[in-house]
Amino acid sequence: MSSSRHRLLKAVRVLPEAVRIGAKARPSEDPLKGCPESPEHQSSAPSEEDLLRERIALLEEELRRASDRAAALEGELVSLKLRQEEEREAFLREAALKIQEARSRAEAEAREEGFRQGREEGLKSAREEMERLYLLKFQEALEMAERFHKSLEEEREALLGLLVPQMVRLWEKTLSRMLLDRVRMDEGAALRVLKGVLAKISDRERLLIYLNPDDHRSVEGALGELGDLLRGNRHLEVVPDPDVDKGSCIVETNLGVYDARWRTQLEQVGLQVSSLLFGGDEVEGD
């Protein structure tokens, strides 16, 4: 497994630890952030996943067209090779004819002049000239084929470079939605997350726990199961809060606030994925 793939797999796993936001005061929430969009807006505006799928479809179409162009270029290359072979054979026939003519002339000159040196030099000169011209034509054809191949590879790599980040984003969005759907159906998820947060908190004297209203009653009734996790606690308050994702919680202590919402965890994963795809320093949660 390559180093980049290992880093990517490491980054996209759901962070098991709660994210510590700040000190004491609970971070203010955007009053519009938790409000669901109206049905009219949802139906009229395409979702981010739809936009990603549309973008991927366009890139796949471009890749298909590039493949078609590649096939056409390969066909042209085959035709070029066939024409080159035909030209080579015609060239060799012409060269043989010229050599024969040169030989005949040389022989005639040798007979007329009575010496062989002129004949041999003429034949040698003709052969060298024919070889030089043939090598020049062959080298030009080879360079043209190499340019075709290089251009094709560069185009394919460029298209893949555009397609991969879009596929990773769609995969990230799909997994996030699957995780949130699974958590909403798990009635014990909020209690397990709360236990994990309390196990990491050193100061339990004052605890203010924010839960989704759907989890409030079940968690409040199970506080007796927390046992040692509440040792040293003098003030405990469980508050329903619709801004907290179902199956998660926010815990406020004297030392600060621990945000264990799934929304926050998935945002951290998204930042890690962006860092791996587009470069830059990795984002770390507290």
Subject >> For Val239, residues with placed amide H under 5 Å, excluding near neighbours >> reply: Ile209, Tyr210, Leu211
Original post:
Can you work out ³J(HN,Hα) from phi for every residue in region 201-215, in order, using Karplus 6.51 cos²θ - 1.76 cosθ + 1.60 and θ = phi - 60°, giving whole Hz and x for Gly and Pro?
Top reply: 8, 8, 10, 10, 4, 10, 10, 10, 10, 9, 10, 5, x, 5, 9
Subject >> Derived scalar couplings ³J(HN,Hα) [region 49-58; Karplus, 6.51 cos²θ - 1.76 cosθ + 1.60; whole Hz; x for Gly, Pro] >> reply: 5, 4, 5, 5, 5, 4, 5, 5, 4, 5
Subject >> Karplus-derived 3J(HN,Hα), 6.51/-1.76/1.60, for each residue of region 233-242, Hz, glycine and proline x >> reply: 7, 10, 9, 10, 9, 10, 10, x, 8, x
Original post:
Sequence-distant or interchain residues sharing an amide H contact under 5 Å with Gly256, placed H: which?
Top reply: Lys24
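Only the coordinates and a few stated rules stand behind these numbers; no lab work does. Values in this document were obtained by computation on a predicted structure and should not be read as measured data.
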